[in-house]
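A short worksheet on the structure shown next.
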């Protein structure tokens, strides 16, 4: 049932559906929980799925001041503490994936398993670093959907877009060595034609202590919608099965003490 919760100074909207262990879906930037429509039902068959929307996104009102990844991580931590009250699986896309990684680093007690879809860790990995962030173009593309649900009204969307644009000029910025702080078992998933390069995806995979890697063929940054059947299968396989003992391990080969 959809509702609001006051968490960390943000009136956060979320819905919950399904039964089982808690799983939190974390949407990307400038969209909302509806982005996961092709993925929700299969996940809800196995988990209690929560779909919070971050500050200035979807049904959650904007908050005075800038939007940063750290602020959104703080908001997510407050939500997990108040609503879940313990560890949950995090399945996150794009901006949400970097936020989820920050949460896993800063509050490992709140993260059971971590699925990061199309979210890099540093701007150096951008596949099109010279691409211009055009506020008017983004407003034209996403403004109608924002206006359908936002309590701030469609006229406020350019303000939110500008805030995200400012964030994207400088973030994310993280040294690859910092990824060793993520202790949760992790799945790194990218499209084969994503906003971040595949070499960046591999660097991310290799830096995480307990990670698996999936590349979804024939897709773009919208892979969760372009091939939901494949994305859902990969996510569910990761979340519902223990790692298999591989026949010929190299990266995972045991090392003598």
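Every number here is computed from the coordinates shown, using simple stated rules; none is lab data. Note that the structure is a prediction, hence the values are computed from the model and not measured. Every residue, glycine as well, gets a Cβ built from its backbone with ideal geometry; the counts of neighbours run over all protein chains shown.
Expected output is a single nm value to one decimal: the length gained when fully extending between residue 230 and residue 154, i.e. 0.36 nm times separation in residues minus the C-alpha distance. What is it? Provide the component values of the computation, followed by the final result.
Details: separation 76, 0.36 × 76 = 27.36 nm, distance 3.39 nm.
Roughly 24.0 nm would be gained on extension.
Scattering from the C-alpha atoms of region 103-217 alone, worked out with Debye: what is log10 I(q)/I(0) at q = 0.16, 0.19, 0.21 1/Å?
-0.89, -1.05, -1.11
Can you give the FRET efficiency to the nearest 0.05 for residue 126 and residue 210, using r as the Cβ-Cβ distance and R₀ = 30 Å?
0.70
Quick one: compute the contact order of the chain, relative version, from alpha carbon pairs under 8 angstrom and 6+ residues apart, as a percent.
17
Helix 198-207 versus the longest principal axis of the chain: what angle, 0 to 90°, nearest 10, using Cα atoms?
Helix 198-207 sits roughly 60 degrees off the main axis of the chain.
For residue 171 and residue 17 in the same chain, what is the full-extension length gain: residue separation times 0.36 nm, less their Cα-Cα distance, in nm?
52.2 nm
Using 0.36 nm times the number of residues separating residue 1 and residue 199, minus their current alpha carbon distance, what extension gain do you get?
This chain segment gains 67.2 nm when fully extended.
How many angstrom separate the Cα center of region 1-35 from the Cα center of region 105-165?
Each part's Cα centre sits 16 Å from the other's.
On a 0 to 90° scale, report how tilted helix 69-79 is relative to the longest principal axis of the chain, with both axes built from alpha carbons and the result rounded to the nearest 10.
90
Relative to the longest principal Cα axis of the chain, at what angle does helix 157-170 sit, 0 to 90 degrees, rounded to 10?
Approximately 40 degrees, to the nearest 10.
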